[in-house]
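Visitor: Handing you this structure, nothing more for now.
The values are calculated or read from the model by the stated rules, or taken from the named source; none is laboratory data. Since the model is a prediction, treat every value here as computed from it, not as a measurement. When we count neighbours, we look across all protein chains shown, and the Cβ atoms used for this are built from the backbone with ideal geometry, even at glycine.
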Amino acid sequence: MHESDRQPKHLSDYAAPDYLIETVDLDFHLEPERTIVHADLAMRPNPEAKAARPLVLDGEGVELISIAVDGKPLQPDEYSATETGLTVPDVPTGPFTLSLKTACNPEANEALLGLYRSNGAFCTQCEPEGFRRITFFLDRPDVLATYRVRLEADKKTNPVLLSNGNPVERGDVEGTDRHYAVWEDPHPKPSYLFAAVAGDLAKISDSFTTQSGREVALNIYVEHGKEDRCDWAMESLKNAMKWDEERFGREYDLDVFNIVAVSDFNMGAMENKGLNIFNDKLVLARPDTASDADYAAIEGVIAHEYFHNWTGNRITCRDWFQLCLKEGLTVFRDQEFSADLRAGPVKRILDVRNLKSRQFPEDSGPLAHPVRPGSYIEINNFYTATVYEKGAELCRMLQTMLGRDDFRKGLDLYFERHDGQAVTVEDFLAALADASGKDLSEFMHWYNQAGTPELACSLDYDQQSKTATLNVSQILPATPGQPNKEPMPIPLRIGLLGPNGDDLPLTLEDGTELSDGLLEVTEREQSFTFTGIPTPPTPSLLREFSAPVRLTQTIDLEQIEFLMMHDSDPFNRWQAAQSYAAKLLTDAARDRYNPEPVKGQGASRLAKALAVTANEEELAYAYRGEMLKLPSESDIARELARNIDTDAIREARETLRETIGNAIHADLAGIYEELADTGPYSPDGISAGKRSMRIAALDLLVGSGKDDELERAAAHYRGATNMTDAIYSLLILAPHDDPRRDEAMADFYERWKDDALVLDKWFAVQARSARPDSVEIVEGLLSHPKFSLKNPNRVRALIGSFANGNPTGFNRKDGAGYEFLAECALRIDKFNPHMAARLLGAFESWRFLEPNREAHAKATLEGLANAELSTDSYEIVSKTLG
Ligand code: ARG
Ligand code: ZN
């Protein structure tokens with residue numbers, strides 16, 4: 001480990017590159033254990049850089065075989081090549097060609113960055129800094145070049161040879177068993193968008209004609225035998241291409257669009273120009289192998305990577321501090337796409353739930369960082385919920401404040417102005433401001449300030465003047481390195497409900513009519529007075545979740561119940577149900593467990609209200625299903641905020657589940673029976689909604705504790721004809737000590753033991769199941785013959801699901817869960833630091849635990865800090881300890 005790797009890099013130190021690269025000519029001689037790369041780089045000094053400097057290229061573990069400048073080989077004293085780079089002190093002052101011959105070992109590459117092997121195929125992952133593991137290069141996003149790539153490999157084992165752009169030539173290498181293919185990408189791109197794939201893969205093909213008439217060949221490459229699992233991904237791709245033309249006027253720009261699915265992949269997928277590489281989990285789906293949630297995830301991620309073609313590829317980031325520029329905007333775009341295709345309000349609920357469960361804890365813990373961080377040690381650690389999901393919320397707020405039309409105009413200007421460039425968040429905001437005429441200078445605080453703002457609201461009603469005044473203050477919590485913060489512009493969408501539940505007209509004191517209920521909070525403290533309010537109204541605040549803030553308000557249970565029955569905003573109606581339950585649950589789990597709140601009056605009122613909503617036929621099935629889901633154990637932990645006892649939380653939640661399951665048993669059983677026939681499987685929103693609602697009812701029924709309800713779940717599993725019904729009934733059965741649980745688990749294993757993606761679910765269900773012996777169960781599964789630490793999907797399925805999806809197991813009182821995670825992470829850290837560091841993120845909320853658990857977590861973290869760690873894990877552990 002080089003100590004220099006542990007020095008933070010700072011945004012304020014940004015300097016333009018000393019040299020530019022115009023064209024890149026790559027020739028790969030692919031061999032599993034020794035791949036030779038010839039690179040011809042057409043370079044020149046950057047006119048914008050200061051005086052002539054030595055040429056310094058990035059490299060990581062690349063072996064230099066030879067080097068020449070303008071065709072003249074360099075002597076050993078004319079350059080220096082190390083583990084981390086290549087320096088040439090003396091290069092021409094004008095344009096020159098640098099020729100490099102290097103070697104790397106894909107087979108030994110277990111970090112899965114650069115060129116590596118997955119199931120016998122060659123593939124690449126270059127974002128953010130993987131290209132330097134393939135050859136020496138200016139491996140930074142502000143160096144854009146056009147690429148010509150020749151791939152040569154054994155023909156029999158690698159019939160497929162792919163790279164970015166369009167195919168231009170292919171043929172056999174005479175007198176050998178080898179063949180080659182040449183690809184050209186006319187669009188200048190940074191090295192992180194480079195990709196190459198070679199192997200023996202099957203493909204399915206289709207085509208798409210763009211709005212201007214370009215015919216695009218679409219291919220999805222998968223392992224042989226998986227061809228029947230690609231239809232959904234292909235359909236999603238075509239939907240995404242069409243949607244981006246209609247909604248944002250963005251058209252595809254090459255003759256082919258290729259997707260390759262691989263089974264060993266650190267993240268979800270990668271938007272390489274014209275050659276997206278995917279974790280196969282986010283491509284492959286068949287009704288019997290993939291759940292509705294998998295189908296939705298595939299649709300979203302296929303769209304996400306496709307949308308990057310404009311937001312990321314045509315316009316890229318100047319430096320990695322600007323990662324949110326492409327990720328936040330592209331997540332926002334994929335969320336809008338999915339919302340347009342399915343029930344919009346349900347998509348919003350799912351996105352907000354995801355934001356709160358993954359980003360809010362990050363933002364309130366030791367790893368909190370701004371959406372655009374000011375410093376980092378290892379950029380791979382910054383592919384976070386903050387950069388992605390909060391980044392998307394910032395784009396959404398911009399759209400809300402500008403209005404859809406001006407936001408679209410702003411994006412049009414952004415594309416027009418910056419096509420082919422590597423830019424910054426400031427450039428993005430300038431385009432939106434210029435196109436709309438709105439001053440967005442204060443909005444920059446959202447990008448630079450970490451932490452979730454608290455929006456504390458109260459409503460005062462004045463009988464005399466018939467006015468209602470909303471008092472708002474924004475409280476900006478201190479985060480690491482940022483003790484004091486500036487107030488931020490916050491779009492706050494609201495409604496005021498009259499006595500019959502209707503929205504009252506909103507007229508501000510100065511006569512302004514708020515037809516859309518949108519206020520803009522800009523000060524630390526601010527008041528808004530509404531006139532003509534006949535009686536005290538019920539406030540519905542932060543409708544649609546119009547800003548990523550933590551809303552606190554003085555509101556009693558009756559008012560929440562009123563919103564739950566009447567709010568015209570579907571998001572807030574759902575939120576009211578959640579808040580109601582959360583209030584009961586936190587009252588029960590705070591300090592010492594007290595069953596009264598989850599058994600008494602309030603709990604039965606909640607149950608009744610849920611039954612009413614669940615029976616409202618005008619509401620979408622999926623929406624009613626969401627209404628029936630109680631806040632998760634981690635939702636409750638977050639609400640409690642400190643002194644967290646995960647056992648008390650679970651006990652409270654299980655009791656509320658029991659109370660509700662009994663109180664509205666007949667309604668739930670009715671729903672369950674009524675939705676029994678969902679017909680042949682279709683992933684569409686309505687069918688998926690029915691399944692989701694039915695399973696939510698089943699979950700509460702089983703929660704009632706009646707034995708015939710457990711039988712109902714077992715029968716549900718046995719009768720399942722699709723993965724959604726199978727996996728959710730298995731999940732419901734999993735915590736129970738019952739032969740029917742063991743039978744279902746064994747049946748699932750027997751049926752799917754040779755199908756990696758489905759078997760991952762079998763590992764995950766056990767890892768997530770709350771049992772006193774979960775730690776031992778998960779530990780035991782580490783030595784299961786089908787388990788491997790080398791495959792990221794399997795690691796996430798077992799270890800990730802345990803650490804992030806099993807709060808009572810991971811936070812077991814004796815600290816065994818923490819020790820288990822630390823041991824796994826240490827083993828993985830030796831070969832895949834990126835993966836290990838991500839797992840260690842599960843410790844981020846340790847300071848909010850009750851003292852005993854907190855002490856165990858601290859001891860484990862200190863043990864880690866004393867171990868030999870990669871740079872990735874070092875950054876997470878040291879920052880988490882604080
Ligand atoms: N840009 C990819 C995306 O679509 C993520 C790639 C991240 N990979 C990594 N090794 N950090 O979100
Ligand atoms: Zn992305």
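Visitor: If the requirement is being within 31 Å of the chain's Cα centre (by Cα), surrounded by 13 or more Cβ atoms within 10 Å (Cβ to Cβ) and at positive phi, which of these qualifies: G517, G501?
Guide: Just a single option satisfies the conditions, and that option is G517.
Visitor: So which residues in the range 631-666 are outside any helix (DSSP H, G or I) and surrounded by fewer than 20 Cβ atoms within 10 Å (Cβ to Cβ)?
Guide: Correct list: S632, A641, R642, N643.
Visitor: While we're here: I'd like to check something: does the range 272-294 contain any residue that is in contact with a Pro (Cβ under 7 Å, 6 or more places away or on another chain) and under 20 Å from F337 (Cα atoms)?
Guide: Yes: the range 272-294 contains one or more residues that are in contact with a Pro (Cβ under 7 Å, 6 or more places away or on another chain) and under 20 Å from F337 (Cα atoms).
Visitor: Then there is this: Could you go through the range 245-262 and let me know if any residue there is out of contact with any strand residue (DSSP E or B) (no Cβ under 6 Å at 6 or more places or on another chain), surrounded by 23 or more Cβ atoms within 10 Å (Cβ to Cβ) and aliphatic (A, V, I, L, M).
Guide: Within the range 245-262, not a single residue is out of contact with any strand residue (DSSP E or B) (no Cβ under 6 Å at 6 or more places or on another chain), surrounded by 23 or more Cβ atoms within 10 Å (Cβ to Cβ) and aliphatic (A, V, I, L, M).
Visitor: OK, next. Counting only residues that are part of a strand (DSSP E or B) and out of contact with any helix residue (DSSP H, G or I) (no Cβ under 6 Å at 6 or more places or on another chain), which one in the range 98-116 is nearest to ligand 2 (Cβ to nearest atom)?
Guide: Across the range 98-116, the extreme among qualifying residues is C104.
Visitor: List the residue pairs whose Cβ atoms are under 6 Å apart, where the first residue sits in the range 313-338 and is more than 13 Å from ligand 2 (Cβ to nearest atom), the second is part of a strand (DSSP E or B), and the two are 6 or more positions apart or on different chains.
Guide: Close Cβ pairs satisfying both conditions: R318/A422; R318/V423.
Visitor: Hey, among the residues in the range 327-361 that are aromatic (F, W, Y) and under 15 Å from the mean Cα position of the chain (by Cα), which one's surrounded by the fewest Cβ atoms within 10 Å (Cβ to Cβ)?
Guide: Top of the filtered list is F360.
Visitor: Right, next: So R117 passes all but one of these: (1) more than 16 Å from ligand 1 (Cβ to nearest atom); (2) more than 14 Å from A196 (Cα to Cα). Which condition number does it fail?
Guide: R117 satisfies all of (1) more than 16 Å from ligand 1 (Cβ to nearest atom); (2) more than 14 Å from A196 (Cα to Cα) except (2).
Visitor: Then there is this: Select from the range 101-110 the residues that are buried (at least 21 other Cβ atoms within 10 Å of the Cβ) and not polar (S, T, N, Q) and list them in ascending order.
Guide: Result: C104, P106.
Visitor: Might you check whether a residue that is away from ligand 2 (no atom under 16 Å from the Cβ), in contact (Cβ under 8 Å) with a residue 12 or more places away in the chain and either buried (at least 23 other Cβ atoms within 10 Å of the Cβ) or not aliphatic (A, V, I, L, M) (or both) occurs anywhere in the range 298-305?
Guide: No, the range 298-305 contains no residue that is away from ligand 2 (no atom under 16 Å from the Cβ), in contact (Cβ under 8 Å) with a residue 12 or more places away in the chain and either buried (at least 23 other Cβ atoms within 10 Å of the Cβ) or not aliphatic (A, V, I, L, M) (or both).
Visitor: Read through the list (1) of a type outside the set (G, A, S); (2) away from ligand 2 (no atom under 16 Å from the Cβ); (3) touching a helix residue (DSSP H, G or I) at 6+ places or on another chain (Cβ under 6 Å); (4) part of a helix (DSSP H, G or I), then give the number of the only condition that Q359 fails.
Guide: (2)
Visitor: Assess whether N266 counts as being under 19 Å from the mean Cα position of the chain (by Cα), part of a loop (DSSP other than H, G, I, E, B) and closer than 25 Å to Y180 by Cα.
Guide: No.
Visitor: May I pose another question? Among the residues of the range 366-423, write down those that are in a helix (DSSP H, G or I), among the hydrophobic types (A, V, I, L, M, F, W, C) and within 16 Å of ligand 2 (Cβ to nearest atom).
Guide: I379, F382, A385, V387, A392, L394, C395
Visitor: Taking the options D635, D667, D684, name whichever one is farther than 30 Å from A803 by Cα, of a type in the set (D, E) and under 33 Å from the mean Cα position of the chain (by Cα).
Guide: D684
Visitor: Now a separate question. Could you identify the single residue in A734, A767, A744 that is surrounded by 21 or more Cβ atoms within 10 Å (Cβ to Cβ), within 25 Å of E819 (Cβ to Cβ) and not hydroxyl-bearing (S, T, Y)?
Guide: Of the residues listed, the single one that is surrounded by 21 or more Cβ atoms within 10 Å (Cβ to Cβ), within 25 Å of E819 (Cβ to Cβ) and not hydroxyl-bearing (S, T, Y) is A767.
Visitor: Of the residues in the range 195-222, how many are out of contact with any Gly (no Cβ under 9 Å at 6 or more places or on another chain) and either at pLDDT below 95 or surrounded by 14 or more Cβ atoms within 10 Å (Cβ to Cβ) (or both)?
Guide: Of the residues in the range 195-222, 15 are out of contact with any Gly (no Cβ under 9 Å at 6 or more places or on another chain) and either at pLDDT below 95 or surrounded by 14 or more Cβ atoms within 10 Å (Cβ to Cβ) (or both).
Visitor: Could I ask something else about it? Restricting attention to helices (runs of 4 or more DSSP H) lying wholly within the range 825-882, give those where 2 or more residues are farther than 18 Å from R6 by Cα and basic (K, R).
Guide: It comes to 851-865.
Visitor: I need a count of the residues in the range 302-323 that are farther than 16 Å from E235 by Cα, assigned to a helix (DSSP H, G or I) and within 11 Å of ligand 1 (Cβ to nearest atom).
Guide: 2
Visitor: So which of E327, E299, E336 is part of a helix (DSSP H, G or I), more than 14 Å from ligand 1 (Cβ to nearest atom), within 17 Å of L398 (Cβ to Cβ) and of a type in the set (D, E)?
Guide: E336
Visitor: Let me ask another. With respect to E235, is the statement that it is without any contact (Cβ under 8 Å) to a residue 12 or more places away in the chain, away from ligand 2 (no atom under 16 Å from the Cβ) and not hydrophobic (A, V, I, L, M, F, W, C) true?
Guide: For E235, the condition - without any contact (Cβ under 8 Å) to a residue 12 or more places away in the chain, away from ligand 2 (no atom under 16 Å from the Cβ) and not hydrophobic (A, V, I, L, M, F, W, C) - is met.
Visitor: Of the residues K238, K226, which single one is away from ligand 1 (no atom under 16 Å from the Cβ) and under 25 Å from the mean Cα position of the chain (by Cα)?
Guide: K238
Visitor: Test V160 against the stated conditions and say whether it is under 31 Å from the mean Cα position of the chain (by Cα), surrounded by fewer than 22 Cβ atoms within 10 Å (Cβ to Cβ) and under 20 Å from N258 (Cβ atoms).
Guide: In short, yes.
Visitor: In the range 116-156, what residues are among the hydrophobic types (A, V, I, L, M, F, W, C), under 30 Å from D200 (Cβ atoms) and more than 24 Å from the chain's Cα centre (by Cα)?
Guide: Passing the criteria: A121, F122, I134, F137, V149, L151, A153.
Visitor: To continue, here is another question. Restricting to the range 843-860, what's the tally of residues that are within 24 Å of A111 (Cβ to Cβ) and in contact (Cβ under 8 Å) with a residue 40 or more places away in the chain?
Guide: Count: 1.
Visitor: At pLDDT 95 or above, within 15 Å of ligand 2 (Cβ to nearest atom) and either in contact with a Leu (Cβ under 7 Å, 6 or more places away or on another chain) or within 22 Å of P141 (Cα to Cα) (or both): which single residue out of F257, F278 fits that description?
Guide: F278
Visitor: Of all residues in the range 117-136, which are assigned to a strand (DSSP E or B) and either within 16 Å of ligand 2 (Cβ to nearest atom) or without any contact (Cβ under 8 Å) to a residue 12 or more places away in the chain (or both)?
Guide: The one that is assigned to a strand (DSSP E or B) and either within 16 Å of ligand 2 (Cβ to nearest atom) or without any contact (Cβ under 8 Å) to a residue 12 or more places away in the chain (or both): Q125.
Visitor: Another question about this same structure. Mind checking whether some residue in the range 281-294 is within 11 Å of ligand 2 (Cβ to nearest atom), farther than 15 Å from E235 by Cα and not in a helix (DSSP H, G or I)?
Guide: no
Visitor: Spot the failing condition for G437; the list is (1) surrounded by 15 or more Cβ atoms within 10 Å (Cβ to Cβ); (2) farther than 25 Å from T552 by Cβ; (3) not aromatic (F, W, Y), and only one is missed.
Guide: (1)
Visitor: Looking at D13, D70, D40, D5, which one is in contact with a Ser or Thr (Cβ under 7 Å, 6 or more places away or on another chain) and under 30 Å from G481 (Cα atoms)?
Guide: D5
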